[in-house]
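This report refers to the structure that appears directly beneath it.
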Amino acid sequence: MPKKPQIAIVGPGRLGSALSIELNTAGYRISELVVRRHSRQAAALARRLRARILRLNSGGIQADVVWFCVPDREITGAAQVLASHSVWNGKIVFHSSGALPSSELDDLRRRGATVAAVHPLMTFVRGSTPSLSGVPFALEGDEPALRAARRIVRDLGGDAFNIRAQDKVAYHTWGAFTSPLFIALLVAAEQVARAAGLSTPAARRKMLPILHQTIQNYGRLGPAGAFSGPLVRGDTEVVRKHLKVLRRIPGAKDIYTALARIAISRLPVQRRAELGEALCER
């Protein structure tokens, strides 16, 4: 494999587009974008990268590394379609699923490719292209593919680490807590803010300073050092008042109670038993 191999991206959606741009910036040639159907977005990206657009069922992939960035449910099917349309012996193939093992690419492994799952622990949404510098990448698969993945992740400025295939679902669940479910928690916070008379846009804007400081404190001081509020003080009566307000907001009381119980069991709080009893009161 050349020092910096040519790379094909299968599925240039939110992740695939961001990844291809970062790879290009890191000095990698994106030779092909493989799509199910042509789109203006894919065409614009291809022009930017000076890459060819290939249809999934047309074959002819020339790249040394092929990186599947399609949704989890489409990985096996896309690999099966491509298996008979290109020469795979000697190629390195990645997929980007956090939950699925590298064995999703077994059709290409049987045709001579070495394969790995290479998942960036980062969120990719429309309207935002995050830097991959400092981003952890979870790796699992064949050793030759892992060696290539480590080099590529290093060139992206990322932090590669190995994970066992049997641990991937737990790993991905952890990732769900760090971003999508965190967003769901913030939506619940917006609901509570509406009960206090604030509009959703105002609540979102006013939450940002405390959110930023909380994340900074968590990173610098750890969870115990960043933890504050009535639970730390053991202020049971305030917690009871919170719970009374939350009865009017569907779902919010359950979220508050679940998180408060984790805090009582895992974080430094005063009057632990009294707080636990308050959470159980009807």
Placed amide H near residue 68: partners under 5 Å, 5+ positions off or other chain: 10, 94, 95, 96
Dividing the alpha-carbon Rg of the stretch 1-83 by 2.2 N^0.38 Å yields what? 0.99
From DSSP H assignment alone, runs of 4+ in the chain each adding -39500 (n - 2.57), the sum over residues rounded to the nearest 500 puts [θ] at 222 nm at -15500 deg cm²/dmol
More than 15 angstrom apart: percent of Cα pairs within the stretch 76-117: 30
List the GluC sites (Glu not before Pro) within the stretch 224-282 that DSSP assigns to loop and that have no more than 14 neighbouring Cβ atoms inside 10 Å. 281
Give the order of 242, 85, 95 when sorted by the count of other beta carbons within 10 angstrom, beginning with the fewest. 85, 242, 95
Check: the chain dipole with +1 on Lys, Arg Cβ and -1 on Asp, Glu Cβ, in debye: 840
Rg/Rg_ref, the stretch 179-280, where Rg_ref = 2.2 N^0.38 Å and atoms are Cα: 1.09
Could you rank the peptides 54-61, 245-252 by their average count of other C-beta atoms within 10 Å per residue, with the highest value first? 54-61, 245-252
Could you tell me the largest-minus-smallest coordinate of the C-alpha atoms of the chain on each of the three principal axes, in descending order and whole angstroms? 69, 37, 32
List the residues whose amide H sits under 5 Å from the amide H of residue 29, counting only those 5 or more places along or on another chain, with H placed 1.01 Å from N in the peptide plane. 7
Mind listing the phi-derived Karplus ³J(HN,Hα) values for the stretch 66-74, rounded to whole Hz, using 6.51, -1.76 and 1.60 with θ = phi - 60°, and x for any glycine or proline? 10, 10, 7, 10, 7, x, 3, 5, 9
So the FRET efficiency between residue 147 and residue 224, C-beta based with R0 = 35 Å and rounded to 0.05, is 0.35
Helix axis angle, 14-25 relative to the chain longest principal axis, alpha carbon, degrees: 60
Quick check on the chain: of the DSSP beta bridges with both residues there, what percent are antiparallel, nearest 5%? 15
Extension gain (nm, one decimal) between residue 206 and residue 47, 0.36 nm per residue minus Cα-Cα: 53.2 nm
Check residue 113: other-chain or 5+ apart residues with amide H under 5 Å from its amide H, H built from backbone geometry? 90
Within a 10 angstrom radius of the beta carbon, how do 93, 65, 169, 269 rank from fewest other beta carbons to most? 169, 269, 65, 93
In whole Hz and in residue order, list the ³J(HN,Hα) couplings for the stretch 80-92 that follow from phi through the Karplus curve 6.51 cos²θ - 1.76 cosθ + 1.60, θ = phi - 60°; x for Gly and Pro. 5, 5, 6, 3, 8, 10, 9, 8, 10, 4, x, 7, 10
Fewest-first ranking of 72, 64, using other Cβ atoms within 10 Å as the exposure measure: 72, 64
DSSP-loop trypsin sites (Lys or Arg not before Pro) across the stretch 130-184, with at most 14 other Cβ within 10 angstrom: 164
In whole Hz, with x marking every Gly and Pro, tabulate ³J(HN,Hα) for the stretch 274-282 from phi via Karplus 6.51 cos²θ - 1.76 cosθ + 1.60, θ = phi - 60°. 5, 4, x, 5, 4, 5, 8, 5, 9
The stretch 1-66, dipole about Cα centre (Lys/Arg Cβ +1, Asp/Glu Cβ -1), debye to the nearest 20: 240
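No value in this document is a laboratory result; all are computed from the given coordinates. Given the structure is predicted, the values throughout are model-derived calculations rather than measurements. So basically every Cβ, Gly included, is an ideal-geometry build from the backbone, and we count neighbours across all protein chains shown.
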